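The values are calculated or read from the model by the stated rules, or taken from the named source; none is laboratory data. In this text, all values refer to a predicted model and were calculated from it rather than measured experimentally. Positions of Cβ are generated from backbone atoms using ideal geometry, with glycine treated the same way; all protein chains shown enter the neighbour counts.
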Amino acid sequence: MKPCAIVTGAAGLIGQYFIKNASRWAPDWDVHGLTRAELDLTDHAAVERAWRRLKPRVVIHCAALSRTKDCEQDPQRARLINVDATAYLAHLSNEIPFFFLSSGEVFDGRAGWYKETDEPTPINYYGKTKLEAEQQVLHNPRHTVVRIVLTAGTSQNGDRSFVEDMCRAATDGRSMTLYADEYRCPLPAGAIARAVWELSGKNTPGLYHLGGRDRLSRWEIGQALLPWYPELEGHLIKGTARGHSGAPRPADLSLNCEKLQALLSFRLPGFRGWLTDRMHRGADLWDYDTQA
């Protein structure tokens with residue numbers, strides 16, 4: 001029998017791509033996805049029973065309370081999910097590889113092109129919970145943290161990605177302000193899944209950054225998506241983060257990914273190049289197909 005690999009957050013934006021692509025990128029594993037409906041990760045007794053039953057040999061932890069606004073409004077729940085549940089999963093996975101998907105939000109966004117050696121200084125509660133969870137995970141030298149920033153893709157319920165948020169607003173007749181001075185390095189969910197599956201087979205635990213090659217403003221990202229999502233036309237407004245109210249948002253979360261790139265069999269794509277390639281080949285927009 002194949003050894004068991006667990007993917008938490010299997011119904012989420014990124015988790016579903018890990019499951020969807022498992023036969024391509026993890027053919028030697030019996031991949032078992034866990035959704036919130038199947039298992040409450042904050043219920044430690046239930047989680048321990050699941051671990052005893054499944055006997056995983058590797059764990060990829062995608063589940064999180066990931067919307068910044070939700071974390072600011074309910075910090076207790078954010079800590080319970082993002083920190084406490086992660087720490088307990090890492091504890092149960094003490095003797096096996098454990099991969100934790102963290103966030104570039106651990107940085108303040110003042111510099112950009114952050115390396116793994118740069119000092120994290122989160123400015124919102126989501127980033128703080130992710131940083132604390134990272135520290136818990138990396139206590140174990142067998143474990144790995146992968147920081148991501150902005151994920152493109154489509155989710156089961158159409159309510160998880162920034163692309164879906166934009167399209168839903170346009171369909172409802174609402175406009176969306178995109179900051180021209182807030183920078184990210186977006187990466188499709190399919191590419192993230194392939195990269196982490198490859199990393200899981202390398203026996204090189206530690207801290208890694210995973211993002212796209214393009215440093216784009218939110219406004220530039222919106223413009224790049226127009227050929228794919230014409231419903232956005234007329235609904236995108238160019239704005240500036242100087243007038244932002246609400247949870248603090250780092251200005252520049254571009255990531256230097258050279259450390260991880262050196263281990264991968266494929267080149268991490270830039271967002272614009274990815275979209276152009278997909279259009280020319282008629283490939284699935286957010287998946288990473290076997291010919292890529």
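Is it the case that some residue within the range 49-62 is crowded, with 18+ Cβ neighbours inside 10 Å and at positive phi? Looking through the range 49-62, none of the residues is crowded, with 18+ Cβ neighbours inside 10 Å and at positive phi.
Quick one: is LEU207 touching a strand residue (DSSP E or B) at 6+ places or on another chain (Cβ under 7 Å) and in a strand (DSSP E or B)?
yes
One line per residue, one yes/no per condition, for (1) of a type outside the set (Lys, Arg); (2) within 22 Å of the chain's Cα centre (by Cα):
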| position | (1), (2) |
| --- | --- |
| MET1 | yes, no |
| GLY12 | yes, yes |
| ALA22 | yes, yes |
| LEU39 | yes, yes |
| GLU48 | yes, no |
| LYS55 | no, no |
| ALA63 | yes, yes |
| ALA87 | yes, yes |
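Kindly check whether there is at least one residue in the range 219-234 that is in contact (Cβ under 8 Å) with a residue 12 or more places away in the chain and within 19 Å of TYR114 (Cβ to Cβ). Yes, the range 219-234 has at least one match.
Hey, can you tell me all the residues within the range 252-270 that are surrounded by 13 or more Cβ atoms within 10 Å (Cβ to Cβ), over 15 Å from GLY112 (Cβ atoms) and touching a residue at least 24 places away in the same chain (Cβ under 8 Å)? Give the steps one after another, and end with the answer.
Within the range 252-270, the first condition is being surrounded by 13 or more Cβ atoms within 10 Å (Cβ to Cβ), and the residues that meet it are 252-257, 259-261, 263-264, 268-270.
Next cut, over 15 Å from GLY112 (Cβ atoms) only: 259-261, 263-264, 268-270.
Those that are surrounded by 13 or more Cβ atoms within 10 Å (Cβ to Cβ), over 15 Å from GLY112 (Cβ atoms) and touching a residue at least 24 places away in the same chain (Cβ under 8 Å): LYS259, LEU260, LEU263, LEU264, LEU268, PRO269, GLY270.
Taking the listed residues ILE123, ILE148, the one that is modelled with pLDDT of 95 or more and under 24 Å from TRP274 (Cα atoms) is ILE148, with no other qualifying. Checking the range 45-57 against the condition returns no match, with no residue being in contact with a helix residue (DSSP H, G or I) (Cβ under 8 Å, 6 or more places away or on another chain) and not in a helix (DSSP H, G or I). Is there a residue being within 20 Å of the chain's Cα centre (by Cα), more than 30 Å from VAL58 (Cβ to Cβ) and surrounded by fewer than 18 Cβ atoms within 10 Å (Cβ to Cβ) anywhere in the range 223-246? Among the residues of the range 223-246, not one is within 20 Å of the chain's Cα centre (by Cα), more than 30 Å from VAL58 (Cβ to Cβ) and surrounded by fewer than 18 Cβ atoms within 10 Å (Cβ to Cβ), which makes the answer no. Do we find that ALA78 is farther than 25 Å from TYR179 by Cα and either touching a helix residue (DSSP H, G or I) at 6+ places or on another chain (Cβ under 7 Å) or surrounded by 15 or more Cβ atoms within 10 Å (Cβ to Cβ) (or both) in this structure? It is true that ALA78 is farther than 25 Å from TYR179 by Cα and either touching a helix residue (DSSP H, G or I) at 6+ places or on another chain (Cβ under 7 Å) or surrounded by 15 or more Cβ atoms within 10 Å (Cβ to Cβ) (or both). Taking every residue in the range 169-192 that is over 22 Å from GLN16 (Cβ atoms) and pairing it with any residue that is surrounded by fewer than 15 Cβ atoms within 10 Å (Cβ to Cβ) and of a type in the set (D, E, K, R), at least 6 positions away or on another chain, the pairs with Cβ-Cβ distances below 6 Å are ALA170/GLU231; ALA180/LYS238.
For the range 266-279, which positions are farther than 18 Å from ARG218 by Cα and either under 19 Å from the mean Cα position of the chain (by Cα) or modelled with pLDDT of 95 or more (or both)? Scanning the range 266-279 gives PHE266, ARG267, LEU268.
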